[in-house]
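The values are calculated or read from the model by the stated rules, or taken from the named source; none is laboratory data. Predicted model, so just to flag it, every value in this text is computed and none were measured. Ideal geometry is used to build each Cβ from the backbone, glycine not excepted, and the neighbour counts take in all protein chains shown.
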Amino acid sequence: MPGVLRLWETSPTGLDPRAERFLSSLSVDARLLEDDLEGSAAHAAMLGRVGVVPEGTASALVRELGAMLAEARSGTLAPAEPAEDVHSFIEQELTRRLGDAGKAVHAGRSRNDQVALDVRLYLRRAFAEAGRGVLDAIGAVCDLASANVETYMPSYTHLRRAQPSTLAFHLLAWCAALERDYGRFADAARRADECPLGSAAVAGSGLPLDREATAAALGFARPSRNAMDATADRDACVEYAAAASTLLMHLSRFCEEIILWSSAEFGFMGIADECSTGSSIMPQKRNPDVAELIRGKAGRAFGSLVALLTMQKGLPLGYDRDLQEDKAALFDLRDTLAGTLPAFAALVEALRPKPEAMAAALETGFAEATDLAELLVAKGVPFRDGYAATKAAVAAAASKGVGLAALADADLAAASSAFAEAGIKASDLEAYLRPEACVARRDGVGGPAPARAIEEIARLRAFIAAAVAT
Ligand code: ARG
């Protein structure tokens, strides 16, 4: 007698227990219990309506599946052996409770369309949850940005000081990436909005199923269009994993900046005690563990994405058992996002910028040099000549150990005749090259000027409100 009860059986002596243990997915797909019960109820109701099973049988099935769903929600029904997966468990439990009526539920379906449906139902929630988490993260970053529209700091390229900027502008760059992440989840959710139920094993069913009805009953936009594709396709999982990986890549990158900025070497911000950790041996330590662990989670998500892609790359159509592995990757991704997104929002709320330290970083390093070159351009000097003149001025200032604004007329003249020819006097530069002035001039679309940042924060807040309302 086999230890596991299967919906199929090839031998009276059952499977080798080692194979049996290996094939069982119950411990993983038990998480799909509620989804499978809902899908089963929609299928049973449809079977009754189209006359594949008697109305009385269908209503008994729907009633019992509803009762099981309530039990599942209250935690009193949990899939257990002997069943090799959650689908088998439900049919076996229905048959135990209802007798012959339970045996009618599988007409016109297969575990292949069942599991494809369950994954779609699960993903629908996962997409929505990820979207909400991203909106919360954008909201937290916007709040910090809005308090720092005039917090001046250098922008960086190659991790070297580049041009004057603001903390708000830098944070809004993060928001731009997060807004795209939101869009990726939303786009993928739209594509995944198809119901595989009724595709059966691979080539559909000869029974007069009403696939439009089950799709509508389960809240899908439409039935899937090809039974072979619907049972073998896991693109929606890949898209979720790709969107989650891209999101976590961004969060990891932002966290890397938080780690740098909160180091003594940068000193641009602190992390409040609520989100920083100590050391078990070094009494003086404040560590950015939350940011580091978010960075680590990104690697874990990429692993799931690669697992999903690799498990499918050699599979012939239709269903192959390899696909059973999709769920461990998918569930782990959702758990990872569910833990990471709120922690990221908490971390952002715990950031304590130090505007004086950021401003001090603008006093050395010549972040204002491009502005001087552009001043020459504004006076009619070709850019490359203005660049060369400014480069010479930077060398002069560096050798005196001062900023460009502290140069004298004689220094400018020694650096290049272009300054005098363009009518630029040393006394003009103090006000012109101040960080506030440099930033204020960058008021074109996409620039860091405070007025632009305020507009962008307002746009993002409206975007969040509209997205939450959908
Ligand atoms: N446990 C299986 C999975 O998750 C369910 C589908 C089984 N189908 C089959 N033909 N063996 O993929």
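Identify the residue in the stretch 327-347 that is more than 14 Å from the ligand (Cβ to nearest atom) and among the aliphatic types (A, V, I, L, M) and, among all such residues, is nearest to residue 24 (Cα to Cα). Restricting to residues being more than 14 Å from the ligand (Cβ to nearest atom) and among the aliphatic types (A, V, I, L, M), the top hit is 333.
Applying the criterion of at least 1 residues that are farther than 21 Å from residue 331 by Cα and within 16 Å of the ligand (Cβ to nearest atom) to the helices (runs of 4 or more DSSP H) found wholly in the stretch 1-85 leaves 17-23, 33-49.
In the set (1) surrounded by fewer than 20 Cβ atoms within 10 Å (Cβ to Cβ); (2) touching a residue at least 60 places away in the same chain (Cβ under 8 Å); (3) in contact with a Pro (Cβ under 9 Å, 6 or more places away or on another chain), residue 207 fails one condition alone, (3). Taking the condition modelled with pLDDT of 95 or more and away from the ligand (no atom under 16 Å from the Cβ), does residue 107 pass? Against the criterion (modelled with pLDDT of 95 or more and away from the ligand (no atom under 16 Å from the Cβ)), residue 107 qualifies. Just checking, does the stretch 150-158 include any residue being charged (D, E, K, R) and crowded, with 19+ Cβ neighbours inside 10 Å? Checked against the condition, which is being charged (D, E, K, R) and crowded, with 19+ Cβ neighbours inside 10 Å, the stretch 150-158 yields no hits at all. Filtering the stretch 273-326 to residues that are within 16 Å of the ligand (Cβ to nearest atom), within 28 Å of the chain's Cα centre (by Cα) and of a type in the set (Asp, Glu) leaves 322, 325, 326.
Only one of the listed residues (98, 159, 121, 94) is of a type outside the set (Asp, Glu) and within 16 Å of the ligand (Cβ to nearest atom). That residue is 121. The set of residues in the stretch 40-85 being of a type in the set (Ser, Thr, Tyr) and touching a residue at least 60 places away in the same chain (Cβ under 8 Å) consists of 40 alone. Please determine whether any residue of the stretch 375-398 is surrounded by fewer than 18 Cβ atoms within 10 Å (Cβ to Cβ), part of a helix (DSSP H, G or I) and polar (S, T, N, Q). Checking the stretch 375-398: not a single residue is surrounded by fewer than 18 Cβ atoms within 10 Å (Cβ to Cβ), part of a helix (DSSP H, G or I) and polar (S, T, N, Q). Does residue 263 qualify as being surrounded by fewer than 22 Cβ atoms within 10 Å (Cβ to Cβ) and over 24 Å from the mean Cα position of the chain (by Cα)? So residue 263 fits the description; yes.
The residues in the stretch 86-99 that are out of contact with any Asp or Glu (no Cβ under 7 Å at 6 or more places or on another chain) and free of Cβ contacts under 8 Å to residues at least 40 places away in the same chain can be counted, and the count is 4. Can you tell me which residues in the stretch 174-188 are surrounded by fewer than 16 Cβ atoms within 10 Å (Cβ to Cβ) and of a type outside the set (Lys, Arg)? Result: 176, 183, 187. Condition test on residue 192, is it buried (at least 17 other Cβ atoms within 10 Å of the Cβ) and either within 16 Å of the ligand (Cβ to nearest atom) or farther than 30 Å from residue 449 by Cα (or both)? It is true that residue 192 is buried (at least 17 other Cβ atoms within 10 Å of the Cβ) and either within 16 Å of the ligand (Cβ to nearest atom) or farther than 30 Å from residue 449 by Cα (or both). Of all residues in the stretch 156-177, those that are farther than 16 Å from residue 436 by Cβ and in contact (Cβ under 8 Å) with a residue 40 or more places away in the chain have Cβ atoms under 6 Å from Cβ atoms of residues that are assigned to a strand (DSSP E or B) and among the polar types (S, T, N, Q), 6 or more apart or on another chain, in 162/155.
Note on the stretch 448-470: residues that are surrounded by 12 or more Cβ atoms within 10 Å (Cβ to Cβ), outside any helix (DSSP H, G or I) and without any contact (Cβ under 8 Å) to a residue 40 or more places away in the chain amount to 1. Among the residues of the stretch 136-145, is there at least one that is closer than 26 Å to residue 343 by Cα and without any contact (Cβ under 8 Å) to a residue 60 or more places away in the chain? Within the stretch 136-145, none of the residues are closer than 26 Å to residue 343 by Cα and without any contact (Cβ under 8 Å) to a residue 60 or more places away in the chain.
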